[in-house]
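K.L.:
What follows is a single structure, and I will ask about it in a moment.
The values are calculated or read from the model by the stated rules, or taken from the named source; none is laboratory data. This is a predicted model, so every value here is computed, not measured. Please note: Cβ atoms are built from the backbone with ideal geometry, for glycine as well, and neighbour counts cover all protein chains shown.
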Amino acid sequence: MSLKTLVDVLAGMEIAPRYRRWSSLSYCVIDAVWSISAQYDAVVAPLVRRVAAANADQHPVIDATALLPPDPLPLTLLLARYPDAAALRAVTNGQRTSTRGGIEKAEAVLRYAHILTGHGITDLAGVADLMADPQRWSDTNRALAGVPGEGAHGVRRSYLWMLCGCDDVSKPDRMILRWLARHGIHATPDQARAIVEDAAAELTVRLGRPVTAWMVDHAIWTAQRPQRGRAAA
């Protein structure tokens, strides 16, 4: 299938901007880590909300177009309240990043938190500043790559940046690859990432409004969810 034909298919789907997001960087990190090989609606989202509720936050989701409020659970506070994996496991679960030699996802979250705070990033506003500094972002992204469980193509990191509000990246996970394959495109993760970005550029012209890689990724992911019983990456 050509890019033009693929864009024809996408143009008939719901290509919409994000309308809600997590209010805390801690929630984004937890979501990104737990979403790999876990059911999103049944496991991941309730787990993030459970952490929020345990920290007196009953409304962890905000309007994506609204100004960011003060972070209800900045990474420094997350690390103070959950100093080790056992403490975080008590409000999450004992899933591991891999069934063969992986670390606990709780441990992966804390490693992410230590790396991000070590680079001066404690909340979503800090991520926005990070994205404005390509060298600093590259250094931070490279450090995060050392945490076990992300796979060979940085899917977990791409998803984290998406959750944090970066609309120009996509996550070439199994959901995206399977959807492309259903439409005759058998791509590697890196090829899939480029296809999504190219499709977003074409749709921007076709639809006469800005279309981002996040919007294309989300439309594909939403369409593919019923194929996997609504499971995450």
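K.L.:
So if I check each of Ala128, Ala192, which one is of a type in the set (A, V, I, L, M, F, W, C), more than 22 Å from Val43 (Cα to Cα) and surrounded by fewer than 16 Cβ atoms within 10 Å (Cβ to Cβ)?
P.N.:
Ala128
K.L.:
Moving on. Considering only residues of the stretch 79-92 that are assigned to a loop (DSSP other than H, G, I, E, B) and in contact with a Lys or Arg (Cβ under 8 Å, 6 or more places away or on another chain), which is farthest from Ala56 (Cα to Cα)?
P.N.:
Thr92
K.L.:
Within the stretch 7-35, how many residues are aliphatic (A, V, I, L, M), touching a helix residue (DSSP H, G or I) at 6+ places or on another chain (Cβ under 6 Å) and more than 14 Å from Val211 (Cα to Cα)?
P.N.:
Count: 5.
K.L.:
From the residues in the stretch 143-173 that are farther than 16 Å from Val29 by Cα and of a type in the set (D, E, K, R), which one is surrounded by the most Cβ atoms within 10 Å (Cβ to Cβ)?
P.N.:
Top of the filtered list is Asp173.
K.L.:
Here is a further query. Filter the stretch 107-135 down to residues that are of a type in the set (A, V, I, L, M) and not in a helix (DSSP H, G or I) and give me whichever is nearest to Pro83 (Cα to Cα).
P.N.:
Within the stretch 107-135, the match that is nearest to Pro83 (Cα to Cα) is Ile121.
K.L.:
For residues in the stretch 201-212 being surrounded by 15 or more Cβ atoms within 10 Å (Cβ to Cβ) and within 12 Å of Pro17 (Cβ to Cβ), which is nearest to the chain's Cα centre (by Cα)?
P.N.:
Ranking the qualifying residues of the stretch 201-212, first place goes to Thr212.
Residues checked against (1) touching a helix residue (DSSP H, G or I) at 6+ places or on another chain (Cβ under 9 Å); (2) free of Cβ contacts under 8 Å to residues at least 40 places away in the same chain:
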| position | (1), (2) |
| --- | --- |
| Gly94 | yes, yes |
| Thr117 | yes, no |
| Ile121 | yes, no |
| Ala132 | no, yes |
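K.L.:
Would you check which residues across the stretch 180-233 are hydrophobic (A, V, I, L, M, F, W, C), modelled with pLDDT under 90 and either assigned by TED's automatic domain parsing to the domain that holds Ala38 or in a loop (DSSP other than H, G, I, E, B) (or both) and list them?
P.N.:
Ala231, Ala232, Ala233
K.L.:
Checking Arg100 against (1) without any contact (Cβ under 8 Å) to a residue 12 or more places away in the chain; (2) assigned to a helix (DSSP H, G or I); (3) not aliphatic (A, V, I, L, M), which test does it fail?
P.N.:
Checking Arg100 against (1) without any contact (Cβ under 8 Å) to a residue 12 or more places away in the chain; (2) assigned to a helix (DSSP H, G or I); (3) not aliphatic (A, V, I, L, M), the one that fails is (2).
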